[in-house]
Amino acid sequence: MTNALELNVPEGVPFINFSRELDFPVSQVFHAYADPELIVQWLGPRGMQMEVDHYDFHTGGSYRYIHTGPDGVPYAFSGIFHSVKEDESAIQTFEFSGYPDVVSIEFMTVEQLDGDRTRISVHAVYPSMEARDGMAASGMEGGVAEGFERLDELLAQLQEGSLQGEGAP
């Protein structure tokens, strides 16, 4: 089942909020966020190759990864994980190398729903309305939606046991 991405860009404040329900347990969803071997398989839009420079999903850790499109153009992203509470939440900074000095802070919560389902909710705060509007206009919604679709597919494969290796929870 594909669940719809709910994205909200509220008037007059530098925020973007989004949430998505997944038909998998919290522990599996959180593991897919935490494991760099899994995150390269789902994070971001289809058609992008992802290379992880480093990805330390724990309080005080940091990350840097690069998405490369079919045209060969690289897009680098980096940040710091300020707080990670397993199966509950993560607070991180997010910076796109194409717009240096524009850092957002993202608050992600992971909520257990009935039927062994999960809701991911993210509240992103930008340093200015201009930065927020630029992110909203960047194609972010499509990329986030495709990433969640890819996460659904990956978790289904893991649940069926069709993927092998360290990445399986």
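Here residue 58 passes the criteria (1) at pLDDT below 95; (2) surrounded by fewer than 17 Cβ atoms within 10 Å (Cβ to Cβ) except the one numbered (1).
Of the strands (runs of 3 or more DSSP E) contained entirely in the stretch 63-152, those carrying at least 3 residues that are farther than 14 Å from residue 16 by Cα and touching a Ser or Thr at 6+ places or on another chain (Cβ under 8 Å) fall at 74-85, 89-96, 103-113.
Residues checked against (1) at pLDDT below 95; (2) among the hydroxyl-bearing types (Ser, Thr, Tyr); (3) on the phi > 0 side of the Ramachandran plot:
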position: 98; (1), (2), (3): yes, no, no
position: 102; (1), (2), (3): yes, no, no
position: 110; (1), (2), (3): no, no, no
position: 119; (1), (2), (3): no, no, no
position: 136; (1), (2), (3): yes, no, no
position: 139; (1), (2), (3): yes, no, yes
position: 147; (1), (2), (3): no, no, no
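Within the stretch 12-28, residues that are small (Gly, Ala, Ser) and surrounded by fewer than 20 Cβ atoms within 10 Å (Cβ to Cβ) sit with their Cβ atoms under 7 Å from residues that are in a loop (DSSP other than H, G, I, E, B) and at pLDDT 95 or above, at 6+ positions apart or across chains, in these pairs: 27/87.
Identify the single condition in (1) surrounded by 15 or more Cβ atoms within 10 Å (Cβ to Cβ); (2) touching a Lys or Arg at 6+ places or on another chain (Cβ under 8 Å); (3) among the charged types (D, E, K, R) that residue 6 does not satisfy, given that it satisfies every other one. Checking residue 6 against (1) surrounded by 15 or more Cβ atoms within 10 Å (Cβ to Cβ); (2) touching a Lys or Arg at 6+ places or on another chain (Cβ under 8 Å); (3) among the charged types (D, E, K, R), the one that fails is (1).
The values are calculated or read from the model by the stated rules, or taken from the named source; none is laboratory data. Values in this document were obtained by computation on a predicted structure and should not be read as measured data. No Cβ is skipped: glycine too gets one built from the backbone with ideal geometry, and neighbour counts run over all protein chains shown.
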